[in-house]
Amino acid sequence: MSEYSWPSAAAWAEMLRSLPVGTPIVGEVIGRRHFGVFLSIDGFPEAAGLARVDGMPRCMELPTVGQLVTGAVVWHDEHNHQVGIVLREWAEHEELLPRFVERVGQVVTGRVTKIAPIGFFVRIADCVEGLVPLTELVTDLAKTVREGQDISVQVIAVDLERPCVLLSAEGVA
């Protein structure tokens, strides 16, 4: 992250007035951490913007250092003199998992993304993957399945809290 100094009390007060919650911003990513990215906010050289990873859709990645991003102010941290940002691409991302609750019991086609000791994962929509767990009947199929292969599976369960999708390949043609 580039050098950052604490803004003066007067500069912080001006930032709070100029960057209320909801204000659109443009900024450059100046640092990446496990908890999010720091931004240099255009027009506010003393402001440190923070887009936290807990606001990021789980299928997206943090932007890279030097990347220009847009977003909006969502909070202020008086103690750290930081401006909380939600990135536009995160805010506009539609979470598709809830749509699959209605599809329990249906057969869908997806692409195998990973083979693991517990079964194999199938991407059934953008940012939605499910697990086909190994069972006695699926073990033979799991030996022939390859990453990148398209396969038909049945949606067995969707848990929005965890979030996860359970799939089955048994008896699916």
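The values are calculated or read from the model by the stated rules, or taken from the named source; none is laboratory data. Because the structure is a prediction, the values reported are computed rather than measured. Every residue, glycine as well, gets a Cβ built from its backbone with ideal geometry; the counts of neighbours run over all protein chains shown. What goes into the accessible areas is simple: the full protein's heavy atoms, side chains included, and nothing from ligands, DNA or RNA. Shrake-Rupley method; radii C 1.70, N 1.55, O 1.52, S 1.80 Å.
Would you check which residues across the range 53-69 are under 17 Å from Glu92 (Cβ atoms), within 15 Å of the chain's Cα centre (by Cα) and open to solvent by 50 Å² or more (accessible area, probe 1.4 Å) and list them?
Passing the criteria: Arg58, Cys59, Glu61.
Among the residues of the range 75-104 satisfying the criterion of being in contact (Cβ under 8 Å) with a residue 60 or more places away in the chain and β-branched (Val, Ile, Thr), which is surrounded by the fewest Cβ atoms within 10 Å (Cβ to Cβ)?
Filtering the range 75-104 for residues that are in contact (Cβ under 8 Å) with a residue 60 or more places away in the chain and β-branched (Val, Ile, Thr), the one surrounded by the fewest Cβ atoms within 10 Å (Cβ to Cβ) comes out as Val83.
Looking at Ala125, Ala72, can you tell me which residue is open to solvent by less than 40 Å² (accessible area, probe 1.4 Å), within 18 Å of Gly22 (Cβ to Cβ) and not aromatic (Phe, Trp, Tyr)?
Among Ala125, Ala72, only Ala72 is open to solvent by less than 40 Å² (accessible area, probe 1.4 Å), within 18 Å of Gly22 (Cβ to Cβ) and not aromatic (Phe, Trp, Tyr).
Where the second residue is assigned to a strand (DSSP E or B) and loosely packed, with under 13 Cβ neighbours inside 10 Å and the first is at pLDDT 90 or above and of a type in the set (S, T, N, Q) and lies in the range 141-166, which pairs have Cβ atoms under 8 Å and are six or more apart or on separate chains?
That search, which allows pairs on different chains as well, returns Ser152/Thr109.
Go through the range 12-37 and report how many residues are open to solvent by less than 20 Å² (accessible area, probe 1.4 Å), out of contact with any helix residue (DSSP H, G or I) (no Cβ under 9 Å at 6 or more places or on another chain) and under 16 Å from His76 (Cβ atoms).
5
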